[in-house]
Amino acid sequence: EFGLDPDAGHIINGHVPVKATEGEDPIKANGRLIVIDGGTPENAEEFLKLLSAQTSAQIPEVEYWIITHPHIDHYGVIQELGNNADLSDRIKVKQFIYWFPEEFCGANGAPNALAVQTAKLQNVCKTFGAESHRPTRDEVVTVDDISIKFLFVPDDCSYLNRAGGNVN
């Protein structure tokens, strides 16, 4: 349906969590870690334990941390990890991929409704000394044998703004 190899392709959605307690494993690229979203701030410690269990390295190193959109249940874990020195010292992140479009308006029509979330994530990038990247539609990022294609990015928020905005 999305041009994926039917034998090897997977569609990954941030609302389909890995349930380690039920024996599931996150998708790994030859032992290298890719995170999509992460969860809420109160789950930061548990999420860090999950990442640590997925690698033999003393400190887990995430190749890409992809944040699909600016809801706290998607970027809250990394925000908490970045704001807490006791936690941020226990993980490395090479690159964040996200785009919180500045042209998105809030429910009241105010422009730049996502400026606060963008600033918070820019600070998190600095904390980890990580690069950040704004994805484009149909862009593919690859780590070893795993390729991730961005099927949609909010490169035109005019239709969302006409719908009254959504910042929650």
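The values are calculated or read from the model by the stated rules, or taken from the named source; none is laboratory data. Please read these numbers as outputs of a predicted model, since none were measured by experiment. Here Cβ is always computed from backbone atoms with ideal geometry, including for glycine, and neighbour counts include all displayed protein chains. In case anyone asks, the SASA skips ligands and DNA or RNA and just uses the protein heavy atoms, side chains included. Shrake-Rupley method; radii C 1.70, N 1.55, O 1.52, S 1.80 Å.
Is it true that some residue in the range 134-143 is crowded, with 16+ Cβ neighbours inside 10 Å, at pLDDT 80 or above, over 17 Å from residue 38 (Cα atoms) and within 12 Å of the chain's Cα centre (by Cα)? There is at least one residue in the range 134-143 that is crowded, with 16+ Cβ neighbours inside 10 Å, at pLDDT 80 or above, over 17 Å from residue 38 (Cα atoms) and within 12 Å of the chain's Cα centre (by Cα). Only residues that are at pLDDT 90 or above, touching a Lys or Arg at 6+ places or on another chain (Cβ under 9 Å) and open to solvent by less than 20 Å² (accessible area, probe 1.4 Å) were counted across the range 64-88, and they come to 3. Report whether or not residue 12 is modelled with pLDDT of 80 or more and of a type outside the set (D, E, K, R). For residue 12, the condition - modelled with pLDDT of 80 or more and of a type outside the set (D, E, K, R) - is not met.
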